[in-house]
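Here's the structure, in structure tokens; my notes come after.
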Amino acid sequence: MRRPRVLATATTLAAGLFLAGCGGGDADESDAPEDTAEQTEAPPEDAEPEGDTESAPEEPEGNEVETPEPGAETEGPDDGCFIHLFDGEDLDDQDDNFQLIDPGEYKNLADLPGADRDWTDEADSLRVGSGATVTIYSEENFEGTSEELQPDTELADVEHEPKSLEMVCE
């Protein structure tokens with residue numbers, strides 16, 4: 001019956017290791033687990049947090065606003081490819097407005113990409129970005145009176161509200 005002796009030996013070894021881990025048996029004291037109660041205590045309330053505090057981002061003081069450099073594009077995509085439509089005169093951001101950033105040909109302004117409404121015959125003022133050239137038409141399907149608007153053009157009062165447009169970007 002050799003097998004039971006092997007099992008008895010394995011059981012005896014396991015029991016010996018258990019006792020050694022609990023501070024009993026012939027095991028060296030350095031093998032025993034340390035008391036962890038001291039590690040779970042909370043630091044004093046007046047203690048400073050550990051770690052690198054210099055890499056933390058600084059909080060801005062007050063309401064600082066970065067001002068762009070003169071001549072820098074102040075709105076729209078970084079490449080200036082946009083036309084900003086306003087449903088009101090004088091390019092007023094308080095009026096309903098929309099910025100088209102996808103170049104292309106739009107036979108009507110009913111379903112402009114990203115718009116939540118029909119802009120056909122609604123834009124009373126508009127702004128063209130620095131990277132776009134836009135042709136607006138007074139009628140759908142690129143008909144009627146047309147006007148080509150160069151980059152950085154602003155029209156505070158559009159004579160013929162566009163019903164179709166083409167936008168090309170650099």
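Structure notes:
- Equivalent ellipsoid semi-axes, segment 127-170, via Cα gyration tensor eigenvalues times 5, rooted, Å: 18, 12, 6
- Sequence ranges 125-136, 147-158, ranked by mean other-Cβ count within 10 angstrom, highest first: 125-136, 147-158
- Other residues with beta-carbon under 10 Å from the beta-carbon of T153 carry, at +1 per Lys or Arg and -1 per Asp or Glu, a net charge of -3.
- Each of the peptides 107-115, 160-168, 88-96 was scored by the mean count of other Cβ atoms within 10 Å over its residues; in descending order, highest first, they stand as 160-168, 107-115, 88-96.
No lab work stands behind these numbers, since they all come straight from the coordinates. Here the structure is a predicted model, which means the values were calculated and not measured. Every residue, glycine among them, receives a Cβ derived from its backbone with ideal geometry; neighbour counts consider all protein chains shown.
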